[in-house]
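Inspection log for the structure reproduced underneath, given as structure tokens.
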Amino acid sequence: MEETQQLVNSIIEGIQDKKGHGIIVADLRKIEGAVCKYFVICQGGSPMQVQAIAESVEDFAREKEGEKPVNVAGVDNALWIAMDYSDVMVHIFQPEQRKYYDIEGLWKDAPMQAVPDID
């Protein structure tokens with residue numbers, strides 16, 4: 001399995017570990033001018049959950065893949081945390097911000113894969 005896909009899988013595990021939901025993986029590899037290969041988009045129900053998801057993603061990526069984010073933004077208010085892993089960008093939203101920014105709509109030319117929620 002490709003290294004980048006393994007990282008995506010570990011990120012998804014980290015999201016699911018903290019009950020993040022609405023996970024979408026956007027494959028940007030064939031989109032000209034895309035800033036990375038994949039977007040992983042999800043949401044949490046509160047600032048505390050959004051922060052917990054981000055911490056879990058960081059832990060899973062580091063422990064399973066030896067990867068650390070190049071940059072993390074939005075931790076202070078936890079309305080939208082963006083994590084940059086170079087080839088993979090992780091976006092963790094609260095529901096209102098996710099709807100408002102509509103990243104899935106902005107990248108609608110990319111194939112999207114919905115990941116089932118875990119109860």
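The values are calculated or read from the model by the stated rules, or taken from the named source; none is laboratory data. All of these numbers come straight from a predicted model, not from anything done at the bench. Quick reminder, even Gly has a Cβ in these numbers, built from the backbone with ideal geometry, and neighbours come from all protein chains shown. Side chains included, ligands, DNA and RNA excluded: accessible areas come from the protein's heavy atoms. Shrake-Rupley method; radii C 1.70, N 1.55, O 1.52, S 1.80 Å.
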Fill in: The lone exception for Leu28 - which of (1) closer than 13 Å to Glu104 by Cβ; (2) crowded, with 22+ Cβ neighbours inside 10 Å it fails
(2)
Discussion item. So, in the range 66-77, exactly how many residues are crowded, with 19+ Cβ neighbours inside 10 Å and free of Cβ contacts under 8 Å to residues at least 40 places away in the same chain?
Written reply: 1
Discussion item. Just to be sure I understand, how many residues within the range 86-105 are of a type outside the set (S, T, N, Q), closer than 15 Å to Gly44 by Cα and touching a Phe, Trp or Tyr at 6+ places or on another chain (Cβ under 6 Å)?
Written reply: 1
Worksheet entry | Tabulated pairs, the range 91-119, first among the acidic types (Asp, Glu), second part of a loop (DSSP other than H, G, I, E, B), C-beta under 7 angstrom, 6+ apart or interchain | Asp109/Ile31
Worksheet item: Do we have any residue at all in the range 57-65 that's without any contact (Cβ under 8 Å) to a residue 40 or more places away in the chain, among the β-branched types (Val, Ile, Thr), in a helix (DSSP H, G or I) and in contact with a Lys or Arg (Cβ under 9 Å, 6 or more places away or on another chain)?
Response: no
Item to complete: Go through the range 41-56 and give me each residue that's surrounded by 14 or more Cβ atoms within 10 Å (Cβ to Cβ) and either in contact (Cβ under 8 Å) with a residue 40 or more places away in the chain or assigned to a loop (DSSP other than H, G, I, E, B) (or both).
Response: Ile41, Cys42, Gln43, Gly44, Pro47, Val50, Ser56
Worksheet, complete the sentence: Listed by first then second residue, the pairs whose first member lies in the range 6-17 and is under 14 Å from Ala54 (Cα atoms) and open to solvent by 40 Å² or more (accessible area, probe 1.4 Å), whose partner is part of a helix (DSSP H, G or I) and among the small types (Gly, Ala, Ser), with beta carbons under 6 Å and at least 6 positions apart or on separate chains, are Asp17/Ser56
Item to complete: Look through the range 78-116, keep the residues that are aromatic (Phe, Trp, Tyr) and in a loop (DSSP other than H, G, I, E, B), and return whichever of them is surrounded by the most Cβ atoms within 10 Å (Cβ to Cβ).
Response: Tyr85
